[in-house]
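Shown next, in structure tokens, is the structure this report addresses.
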Amino acid sequence: MRGLKGRDYISVSDFSPAEIWKVLELSRDLKLRAYGGERVIPVLQGKTLMLVFQKPSTRTRVSFEVAMKQLGGFTVTANWTELQLGRGETIADTARTLSRYVDGIAARVYSHKDLLELAEYASVPVINALSDLEHPVQALADFFTIWEKKGRVAGVKVAFLGDGADNVAHSLILMAASLGAKISIATPKGYDPHPKIMEVAEERARYTGASIEVVREVEQAVRGADVIYTDVWVSMGQEAEAEKRVKELSRYRVTKEVMEIAKPDAIFMHCLPAKRGYEVTDEVIDGPNSVVWDQAENRLHTQKALLALIL
Ligand code: CP
Ligand code: NVA
């Protein structure tokens, strides 16, 4: 295992399974210490993280800002358009400049390519804070939550219902593949996960014992599942296709009836924000099997671990 210091985290596949475990184990330690009263552990004293957003954010922005402060560091947060990027300064020149001021950059972008370009020209670590292709920091919190709730991740069956080509689904597939979990994606034709994601995931699954399947029927994915996961049907940037997406994905809603097909102790997860009444009913997200608030909280603990290791 190479050290994690100085590394980018643009895709779940940037880290080996052993490296992902390192982040998850440190997350557990930091969460325990936070609950024991030690919220501030200044291992990043004097370090600064820049957060750049092309799209709105509640959880990612606040959890990164709080994480840095609890580690003794600072943050600078800006919208893409309020930087000179909005007036046409290149991503490369921006990356070169920012690298002279800050110790890491987390960016939320529409196009994954922009993130790769940022990472190419930045001399400091770059973290994907969500792109059209992946949401790898979300997947860390997701599998940390599964580990916490189920006591294990290997062999756990995760059913993802909805848009199979969703950024959150992609990172979840790669994380399941890395950690030896089973993931079943129930999605209609035309919404299959990106072939490149499937290729990388299947390659990892070969040596971790994970299994990955894409099915059309909700029941097939949900039967025997330990975790039912969904995300919005219309992601940020897809607003023009909203009507079509809602029509084509409505068969994949997580309802009480769907939860009843899964294992009796199955948990419900959602990266949030949720569009209540669409991909999930109030009854499920507010119900006894929902762990969405713990999952949201775990964004903080897992990002603290990630930052402590890579910065
Ligand atoms: N789950 C997530 O990334 O939420 P935000 O869009 O609020 O950051
Ligand atoms: N798939 C959603 C996730 C939001 C955290 C989006 O991209 O809008």
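Read-outs: derived from the displayed coordinates by stated rules, not from any lab. Since we're looking at a predicted model, the values are computed, not measured. Note that each Cβ is placed from the backbone with ideal geometry, even for glycine, and that neighbours are counted across all protein chains shown.
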Run through the stretch 1-105 and list the GluC sites (Glu not before Pro) located in a DSSP loop whose Cβ has at most 13 other Cβ atoms within 10 Å. E38, E89
Running Debye on the stretch 1-108 with equal point scatterers at the Cα sites and no solvent, what base-10 log of I(q)/I(0) appears at q = 0.12, 0.19, 0.21 Å⁻¹? -0.50, -1.17, -1.32
Would you work out if the stretch 134-226 is rounded, prolate or oblate? Take a ≥ b ≥ c from the square roots of the eigenvalues of the alpha-carbon gyration tensor; rounded if a/c is under 1.5, else prolate when a/b is larger than b/c, oblate otherwise. rounded
Charges only on Cβ, +1 for Lys and Arg, -1 for Asp and Glu: so what's the dipole of the chain about the Cα centre, in debye to the nearest 20? 680 debye
Picking from L32, L172, L44, which is most flexible by a Gaussian network model of the chain using Cα springs under 10 Å? L32
Counting only DSSP loop positions in the stretch 70-172, the trypsin sites (Lys or Arg not before Pro) whose Cβ has at most 15 other Cβ atoms within 10 Å are R100, R152
Looking at the stretch 193-268, which trypsin sites (Lys or Arg not before Pro) are in a loop (DSSP not H, G, I, E or B) and have at most 16 other Cβ atoms within 10 Å? R216, R223
Taking θ as phi - 60°, what are the ³J(HN,Hα) couplings along the stretch 214-225 by the Karplus curve (6.51, -1.76, 1.60), each to the nearest whole Hz, with x for Gly and Pro? 10, 10, 9, 9, 4, 4, 4, 6, 7, 4, x, 6
What is the chain by shape, rounded, prolate or oblate, if you read a ≥ b ≥ c off the alpha carbon gyration tensor as root eigenvalues and call it rounded for a/c under 1.5, prolate for a/b larger than b/c, and oblate otherwise? prolate
Karplus ³J(HN,Hα) for the stretch 191-201 (6.51 cos²θ - 1.76 cosθ + 1.60, θ = phi - 60°; Hz, whole; x = Gly/Pro) runs 10, 5, x, 4, x, 5, 5, 5, 5, 5, 5
I need the phi-derived Karplus couplings for the stretch 156-164: 6.51 cos²θ - 1.76 cosθ + 1.60, θ = phi - 60°, integer Hz, Gly and Pro marked x. 5, 9, 10, 9, 9, 10, x, 7, x
Between the stretch 175-198 and the stretch 1-29, how far is it from one alpha carbon centroid to the other, in angstrom? 21 Å
About the Cα centre, charge dipole magnitude for the stretch 13-84 (Lys/Arg +1, Asp/Glu -1 at Cβ), debye: 220 debye
Using 0.36 nm times the number of residues separating Y35 and E120, minus their current alpha carbon distance, what extension gain do you get? 26.8 nm
Would you mind checking which residues have amide H under 5 Å from V215's amide H? H placed 1.01 Å from N; only 5 or more apart, or other chain. I185, A186, T187
Please report how far the C-alpha centroid of the stretch 107-146 lies from that of the stretch 272-292, rounded to the nearest whole angstrom. 25 Å
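Compute the Cα gyration tensor for the stretch 28-76, then decide on rounded, prolate or oblate, letting a ≥ b ≥ c be the square roots of its eigenvalues: rounded whenever a/c is under 1.5, prolate when a/b is larger than b/c in the other cases, and oblate in all that remain.
Details: a/c = 3.51, a/b = 1.56, b/c = 2.25.
Here the stretch 28-76 falls in the oblate category.
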List the residues whose amide H sits under 5 Å from the amide H of F53, counting only those 5 or more places along or on another chain, with H placed 1.01 Å from N in the peptide plane. A78, N79, W80, R108
Non-local amide H neighbours of K182 (under 5 Å, H modeled in plane, Pro and chain starts lacking H): which ones? G155, V156, K157, V158, S211
Signed unit charges on C-beta, dipole axis of the chain, positive-most listed residue T230, S63, V284: S63
Using alpha carbons only, how many degrees (0 to 90, rounded to 10) separate the axis of helix 112-121 from the longest principal axis of the chain? 30 degrees
Averaged across orientations, what area in nm² does the convex hull of the alpha carbons in the stretch 229-311 project? 7.0 nm²
Nothing charged except the Cβ atoms of Lys and Arg (+1) and of Asp and Glu (-1): what's the magnitude of the dipole of the stretch 236-280 about its Cα centre? Round to the nearest 20 debye. 60 debye
